[in-house]
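A short write-up of the structure that comes next.
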């Protein structure tokens, strides 16, 4: 009984540990969005985003930028990617497949954001007649939403 | 009874040997509250190779961008989703191939998982150049015999099928 339990535990450990370390396999950019909500005092001021007139405040728009995604790959055993099929192959081969199945040959991929963005800086300008122009830089990417309130000073 | 079970085993084995097996995953997400107009159709936009590699099969460079573009166009036509001209509403599907391994049928016949054919695509759906949805799909052919020769090419038809079926679910006729 003890021998059988130990064997099963050993097989489980072996099957679970058959993987190589993660390796960097390049990166790519995916679009990311940030919602910008802008308001001003006085309301009804003209809002320009990167020198393009968008409308009068208060208004809401979506900024788009490129988010870098890092890709990593590692080799894993077929038990990791296709456990059902591995079990089936082990059974129909009467166990002959088991030692070969431990060889990490299949590819597993993981993607995660690197935290880097590009094309993600936007100049925001708010203007109203009789008031000084108000300027700021809005960063797209890290946060899903940015709320701005501009208080314009009289000339 | 014995004969029946014998036939069953042979059928299962033949099925496994002749057919390609692998992992499939795909999902599409519409951003915010975007709902595509019923009857919207899709134009196949730019397809880029973001793998950082120039894939080769038998020492010949494979144009994977063109393979995916053609496969998507064919599947979209089959689903009556292919945009060719107004008046139907146009969405543009911009795709990136982020992972591609041509694989090797002989290797995966020897040992399942070895020599897997892998393709992974990230798609963006745009309406009037505004991002409105994303599609992600990954396909592998990691087990099989002679029938999987040429999977480096046919895998594009399979992944296009996955992408288009996701889009079909999101866009009402």
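Scan region A:32-60 for residues that are more than 10 Å from chain B (Cβ to nearest Cβ) and assigned to a strand (DSSP E or B) and report the count.
Matching residues across region A:32-60 total 18.
Considering only residues that are over 8 Å from the mean Cα position of the chain (by Cα), closer than 18 Å to residue B:105 by Cβ and outside any strand (DSSP E or B), which ones fall in region B:134-170?
Across region B:134-170, the qualifying residues are B:142, B:144, B:145, B:146, B:147, B:148, B:149, B:150, B:151, B:152, B:153, B:154.
Which one of B:126, B:108 is over 14 Å from the mean Cα position of the chain (by Cα), within 11 Å of another protein chain (Cβ to nearest Cβ), in contact (Cβ under 8 Å) with a residue 40 or more places away in the chain and under 22 Å from residue A:86 (Cβ atoms)?
Among B:126, B:108, only B:108 is over 14 Å from the mean Cα position of the chain (by Cα), within 11 Å of another protein chain (Cβ to nearest Cβ), in contact (Cβ under 8 Å) with a residue 40 or more places away in the chain and under 22 Å from residue A:86 (Cβ atoms).
Which of the numbered conditions does residue B:85 fail, given that it passes all the others? Conditions: (1) more than 11 Å from chain A (Cβ to nearest Cβ); (2) more than 24 Å from residue B:59 (Cβ to Cβ); (3) modelled with pLDDT of 90 or more.
If we test residue B:85 against (1) more than 11 Å from chain A (Cβ to nearest Cβ); (2) more than 24 Å from residue B:59 (Cβ to Cβ); (3) modelled with pLDDT of 90 or more, just (3) comes out false.
Can you give me the number of residues within region A:77-127 that are in contact (Cβ under 8 Å) with a residue 12 or more places away in the chain and either part of a loop (DSSP other than H, G, I, E, B) or facing chain B (nearest Cβ under 8 Å) (or both)?
17
What tally of residues in region B:2-45 results from selecting those that are under 25 Å from the mean Cα position of the chain (by Cα), modelled with pLDDT of 60 or more and either closer than 21 Å to residue B:157 by Cα or part of a helix (DSSP H, G or I) (or both)?
Looking only at that region, the number is 13.
Report yes if residue A:29 is within 11 Å of another protein chain (Cβ to nearest Cβ), over 17 Å from the mean Cα position of the chain (by Cα) and surrounded by 14 or more Cβ atoms within 10 Å (Cβ to Cβ), otherwise no.
For residue A:29, the condition - within 11 Å of another protein chain (Cβ to nearest Cβ), over 17 Å from the mean Cα position of the chain (by Cα) and surrounded by 14 or more Cβ atoms within 10 Å (Cβ to Cβ) - is not met.
Could you identify the single residue in B:115, B:144, B:103 that is free of Cβ contacts under 8 Å to residues at least 40 places away in the same chain, on the phi > 0 side of the Ramachandran plot and in contact with a helix residue (DSSP H, G or I) (Cβ under 9 Å, 6 or more places away or on another chain)?
Selected residue: B:115, the only one of B:115, B:144, B:103 that is free of Cβ contacts under 8 Å to residues at least 40 places away in the same chain, on the phi > 0 side of the Ramachandran plot and in contact with a helix residue (DSSP H, G or I) (Cβ under 9 Å, 6 or more places away or on another chain).
The values are calculated or read from the model by the stated rules, or taken from the named source; none is laboratory data. Just so you know, these numbers come straight off a predicted model, no measurement behind them. Quick reminder, even Gly has a Cβ in these numbers, built from the backbone with ideal geometry, and neighbours come from all protein chains shown.
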